[in-house]
1. Looking only at the range 386-433, which residues are closer than 11 Å to V248 by Cβ and either touching an Asp or Glu at 6+ places or on another chain (Cβ under 7 Å) or among the polar types (S, T, N, Q) (or both)?
2. Looking at G260, G221, G256, which is the one that is within 30 Å of M342 (Cα to Cα), of a type in the set (G, A, S) and surrounded by fewer than 19 Cβ atoms within 10 Å (Cβ to Cβ)?
3. Within the range 190-222, count every residue that is touching a helix residue (DSSP H, G or I) at 6+ places or on another chain (Cβ under 8 Å), hydrophobic (A, V, I, L, M, F, W, C) and over 18 Å from M142 (Cα atoms).
4. Going residue by residue through the range 231-247, is there one that turns out to be at pLDDT below 85, among the β-branched types (V, I, T) and either farther than 30 Å from L91 by Cβ or within 21 Å of the chain's Cα centre (by Cα) (or both)?
5. For L175, only one of the following conditions fails: (1) under 25 Å from G49 (Cβ atoms); (2) touching a Ser or Thr at 6+ places or on another chain (Cβ under 7 Å). What is its number?
6. Can you name the residue in the range 287-321 that is β-branched (V, I, T) and free of Cβ contacts under 8 Å to residues at least 24 places away in the same chain and is also surrounded by the most Cβ atoms within 10 Å (Cβ to Cβ) among such residues?
7. Identify the residue in the range 274-286 that is hydrophobic (A, V, I, L, M, F, W, C) and crowded, with 23+ Cβ neighbours inside 10 Å and, among all such residues, is modelled with the lowest pLDDT.
8. Please pick out the residue among G329, G387, G315, G361 that is closer than 26 Å to I269 by Cα, modelled with pLDDT of 95 or more and not hydrophobic (A, V, I, L, M, F, W, C).
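The values are calculated or read from the model by the stated rules, or taken from the named source; none is laboratory data. Being a predicted model, the structure only gives us computed values, none of them experimental. Positions of Cβ are generated from backbone atoms using ideal geometry, with glycine treated the same way; all protein chains shown enter the neighbour counts.
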Amino acid sequence: MKPIDRKIFKIALPAIVSNITVPLLGLVDTAIVGHMGSASFIGAIAVGGVIFSVIYWLFTFLRMGTSGLTAQDLGAGNESGITDTLYRACLLAVIIGVGLIALHRPIFHLAMQLMDAEPEVAFHARTYFYTCIWGAVGVQLMYALNGWFIGMQNTRIPMVVAIVQNVVNIPLSLLLVFGCGMDIAGVALGTVLAQYLGVAVAVVALWRKYRQYLTRIDWRGVLQRSALLRFLNVNRDIMLRMVCLIAVTTWFTAMGSKQGELILAANAILFQLFYLFSFFFDGFANAAEAMCGKYKGARNVEDFALTVKHVFICGIVLVALFTTCYVVGEDMILGLLSDNQMVLDTARDYFHWLLLVPACGIMAFVWDGVFIGVTSTRRLLLSMFVGTVVFFAAYLWLFPKYGNDGLWISFLLYLLARGMTLSAVFPKVIREI
């Protein structure tokens, strides 16, 4: 194995373990409620999950922006910048988390008006949402801390945190649901308790390994105008990018809901498998973020280009692996997620579209990591805007004729458009470095 590959895998493998737990939590929630006897529980998790995707994905700039800026400061040897970025991100995380908790009722009611879910699904979704929202501060702090750790080329700490969260969350949720009879509220409460435990573990690890950076807060540095504007400008572009992503995923789920409970549940199951691939692949995107950001800060063009090349090679291998697993294990995978035969039959009708997701998404996922690392966020926003336009244009043309098939085709075209746009502008990034 070449040295560049060892560096990639040193960052990517722990990141894969931690990233894969994100869809794993969703898969576990879906699997638990999938065995509770009603498709409305699966639909409620889908609806509640989309709402949290909207409000949390909107603020994932805390992770993405923090990782890129920290990595560049690390490459440039700017220790005070590394410290200030950490405090700046954590301060913003607390502000956002408290704000979300304060506004959770109007957020949910607005979401329900947009989602147009069936009454029983809406009832269970409210229970799930009203409980899970209390983890908002913990989620935002983990975004900030994980972004900082990744920028420091350290994905082992996020991995340990993720493992602890899952070790607690999975059995706790099972106990609360089946042992205490809490139904969907038990799933949500188990998740919230695990989220705050994860923050505690991350803070302890931060103190033990990076104590030298935890100096007394220099508010003049943290709130310094030029640095703060840079931080906010980077995160503004990422946030607007997330608005586009949220528009696509929310519309996808809403159109599934309008087609009935069975298609909503089937799409929810297939989307969990999409998340499984994307978060698994994000391990290598995280490696691209950390390494490309560091090489940009050090102005090392040769290793920067080599990193991009080898991350793409890893991506191609993953596409082949996931596609094969989906083809071979279709019945087993779907059976693990639900025992409702009508839902399973509906999911099988659209499973072939899921098989194309890895190949259609590889360019977008790799380039996302690279462009986040170099904080070329305006180009990321451009690619997402192009993809969103392609999605809705395809939807308007295909959905009236082909229904849910047209919806899935539109989503695949959206992934392709994002990757092709970033491929076209990448040469400018090389020239800038």
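1. T388, S410
2. Values: G221 fails: within 30 Å of M342 (Cα to Cα); G256 fails: surrounded by fewer than 19 Cβ atoms within 10 Å (Cβ to Cβ).
Matching residue, one of G260, G221, G256: G260.
3. 2
4. yes
5. Here L175 clears every test but (2).
6. If we filter the range 287-321 for residues that are β-branched (V, I, T), which is where we start, we get 301, 307-308, 311, 313, 316-317, 319.
Next cut, free of Cβ contacts under 8 Å to residues at least 24 places away in the same chain only: 313, 317.
Working: I313: 12, V317: 10.
Among them, the one singled out is I313.
7. Quick first cut of the range 274-286, residues hydrophobic (A, V, I, L, M, F, W, C) only: 274, 276-277, 279-281, 284-285.
With the extra rule that they be crowded, with 23+ Cβ neighbours inside 10 Å, the set shrinks to 277, 281, 284-285.
Values: F277: 81, F281: 85, F284: 90, A285: 91.
Of everything passing the filter in the range 274-286, F277 is modelled with the lowest pLDDT.
8. Details: G329 fails: modelled with pLDDT of 95 or more; G315 fails: modelled with pLDDT of 95 or more; G361 fails: modelled with pLDDT of 95 or more.
Exactly one of G329, G387, G315, G361 is closer than 26 Å to I269 by Cα, modelled with pLDDT of 95 or more and not hydrophobic (A, V, I, L, M, F, W, C), namely G387.
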